[in-house]
Amino acid sequence: MKKLLLSATSLVLLLVSQAGLACPDYLNHSMRKLHSQESVNFCEQFSGKAMLLVNTASHCGFTPQFKGLEAIHQEYQSRGLAVVGFASNDFRQEAADEEKAAKICFVNNGVTFTMIAPSPVRGDQANPIFKALAAQSKAPSWNFNKYLINAEGEVLGHFGSRVKPQSKKLRSAIEAAL
């Protein structure tokens, strides 16, 4: 009799498929966390959760939104929302190195939600997640664009840079998604 050995990844994907939840292809990627060697696979880490995906920059006029995004994370994580920040220098406002960007996120702004290492979020070079978000909605026109997606990976709403995390518009959309 052969023993069946499943990796943690295979087991998670098996359980997800048995539960009837399919992970969309565009989320079936692993990306490295900011200032870390650790990677996160979106299908494994966030299966069955709604997500608020945000392109961020550490030296932008909208950088204070990190505190509001952290407040959303604290308020809604127990209800099934995952906030994920994607550091990017597409608008030339990211710190020169990851250590400085991490300090701005984690130390200066108290971020505890998942932050992804810098990658492009628009154009032909965009990471696969932001390519799919642009196809389903629109590409970010500046830093701190927010994309609310449901547990099945469908974009429920796009909120531009000027929509603050504490806005009634964004919070109402999050409540409806949960």
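The values are calculated or read from the model by the stated rules, or taken from the named source; none is laboratory data. As the structure is a computational prediction, the values presented were derived from the model and not from experiment. Cβ placement follows ideal geometry from the backbone for every residue including glycine, while neighbour counts extend to all protein chains displayed.
Some observations on this one:
- Selection status of residue 102, among the aliphatic types (A, V, I, L, M), surrounded by 15 or more Cβ atoms within 10 Å (Cβ to Cβ) and out of contact with any Lys or Arg (no Cβ under 8 Å at 6 or more places or on another chain): yes
- Conditions (1) without any contact (Cβ under 8 Å) to a residue 60 or more places away in the chain; (2) touching a Lys or Arg at 6+ places or on another chain (Cβ under 8 Å): number failed by residue 155: (2)
- Residues in segment 82-125 that are assigned to a loop (DSSP other than H, G, I, E, B) and free of Cβ contacts under 8 Å to residues at least 12 places away in the same chain: 92, 96, 97, 124, 125.
- Within segment 132-141, the set of residues being in contact with a Lys or Arg (Cβ under 9 Å, 6 or more places away or on another chain) and either within 16 Å of residue 84 (Cβ to Cβ) or of a type outside the set (Ser, Thr, Tyr) (or both) comprises 134, 139, 140.
- Flag if residue 45 is in contact with a Ser or Thr (Cβ under 9 Å, 6 or more places away or on another chain), touching a residue at least 60 places away in the same chain (Cβ under 8 Å) and among the polar types (S, T, N, Q): yes
- Residue match in segment 47-56 (condition: surrounded by 15 or more Cβ atoms within 10 Å (Cβ to Cβ), assigned to a strand (DSSP E or B), β-branched (Val, Ile, Thr) and touching a Lys or Arg at 6+ places or on another chain (Cβ under 9 Å)): yes
- Matching residues in segment 161-178 - criterion: being under 17 Å from residue 55 (Cβ atoms) and surrounded by 13 or more Cβ atoms within 10 Å (Cβ to Cβ): 161, 163, 164, 165, 170
- Of all positions in segment 106-114, none carries a residue that is farther than 24 Å from residue 24 by Cβ, among the hydroxyl-bearing types (Ser, Thr, Tyr) and over 13 Å from the mean Cα position of the chain (by Cα).
- Matching residues in segment 28-42 - criterion: being farther than 15 Å from residue 147 by Cβ and in contact (Cβ under 8 Å) with a residue 24 or more places away in the chain: 29, 31, 32, 33, 34, 35, 36, 40, 41
- When the residues of segment 30-73 are filtered to those that are polar (S, T, N, Q) and under 15 Å from the mean Cα position of the chain (by Cα), the one that is modelled with the lowest pLDDT is 47.
- Yes/no for residue 129 being among the β-branched types (Val, Ile, Thr), under 21 Å from residue 68 (Cβ atoms) and modelled with pLDDT of 95 or more: no
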